[in-house]
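Q: Here's a structure for you.
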């Protein structure tokens, strides 16, 4: 059974059943059979149980009638509220955070992913040790040379969890250092990073597979992808970049979950381009967009960051007229942002441009690749460079990382006007030291 508590004073949520549908989707993502789902309107929250006493009784009757073994409450529950609801409903109760953790635990495959999930789960479990289970009140004997009654089982469990959290944080710090070294290696190889972000089930993995030819797991379910994946791709201008897929975001994502996945999300923080993938066909796509921007804000990435490109995905299921309108609007925004012109009425999250695509069919993908190339080139300058006519290595390097605007050859020298990123120009000087 899935319950979605909503305060009567929250008119915006009362008029929207998207939260209930999402909670049901989360439950089904771990193969739970949902026999009943309902939105409960609360005049006020009850400190002991969150729900009113009458609602608890009604839910208990449904539990008995349908032989329900677990009740999911789409809301944060305190340890006391969770315990009291379990006693009142006579079955297991899981809140929204616990449900997300169950999904994460089921999906993690890599060592890094498992460590991150375990850290988040232990943080969650640690707060649940306070009188959640009576067996934890037992005391065990202390050492003979120590006074006092000894250490309670509750204290033992709390200490063990604290020690395990410390060890996991050390392991994740090592992961963070390794990722930093890998980023430095990519920078030395002059390969920019493009990160995919978006609401869960927005189509990030499908887009990742479309762009890279990879075979990342794709399913029509929430949090199908949990472990980070990276692949190299080549843009239309010849530039090679590294594409990074990330865990999906969701509304009301607990802060410590973001912290647990910070090692992975650092790829987003340091990315040269960030593709915000949106399911434009979803009825609540605006709320999903706001949830993603909120998480990005927590990572220090503002909605006005020019690295952000909005990718409106799943246009293949949109009506033809709407698809045409979206394509025209995105082309106008991208043209203006490319020239650096402030377009009145443009949403700030479109600061880096906008593209309409279907990751499933491939529609709009060439336009998206051009937009990424343009965003990476936005800070490029024109440099006058003179090379020996026989310097094939230098010429090849410039063709690979820049764009030859003009070339004039003499018997011994090639006089070039080359469009380059300032960082690449510095690298060229350090490699060849023949620029002027």
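Computed from the coordinates by the stated procedures, all read-outs in this text should not be read as laboratory data. A quick note: this is a predicted structure, and the numbers were derived from the prediction, not measured. Here the Cβ positions follow ideal geometry from the backbone for every residue, glycine too, while neighbour counts run over all protein chains shown.
Q: Kindly rank 192-200, 317-325 from highest to lowest mean number of other beta carbons found within 10 Å of each residue.
A: Sorting 192-200, 317-325 by mean packing, highest first, produces 192-200, 317-325.
Q: Which FRET efficiency value, to the nearest 0.05, do you get for residue 61 and residue 400 by plugging their Cβ-Cβ distance into 1/(1 + (r/R0)^6) with R0 = 60 Å?
A: 0.30
Q: Cα centroids of region 40-94 and region 369-436: how far apart, whole angstrom?
A: Comparing the Cα centres of region 40-94 and region 369-436, I get a distance of 66 Å.
Q: In what sequence do 96, 381 fall when counting other Cβ within 10 Å, fewest first? Don't skip to the end; give the middle numbers.
A: Numbers: 96 23, 381 11.
With the fewest neighbours first, 96, 381 line up as 381, 96.
Q: Of 268, 117, 24, how do they rank once you tally other Cβ atoms within 10 Å and put the fewest first?
A: Numbers: 268 20, 117 23, 24 17.
With the fewest neighbours first, 268, 117, 24 line up as 24, 268, 117.
Q: A further question on this structure: Restricting attention to the alpha-carbon atoms of region 351-422, what are Rg (one decimal) and Dmax (integer), both in Å?
A: In order Rg, Dmax, the Cα atoms of region 351-422 give 16.6, 52 Å.
Q: For region 2-103, rounded, prolate or oblate, judged on the Cα gyration tensor with a ≥ b ≥ c (square roots of eigenvalues), a/c < 1.5 rounded, else prolate if a/b > b/c?
A: rounded
Q: Considering only DSSP beta bridges whose two residues both sit in region 2-103, what percent are antiparallel, to the nearest 5?
A: Of those bridges, close to 10 percent are antiparallel.
Q: Please report 69, 357, 80 as a ranked list, fewest other C-beta atoms within 10 angstrom at the top and most at the bottom. Before the final figure, lay out the partial values.
A: On the way: 69 11, 357 28, 80 15.
Arranged by neighbour count, lowest to highest, 69, 357, 80 become 69, 80, 357.
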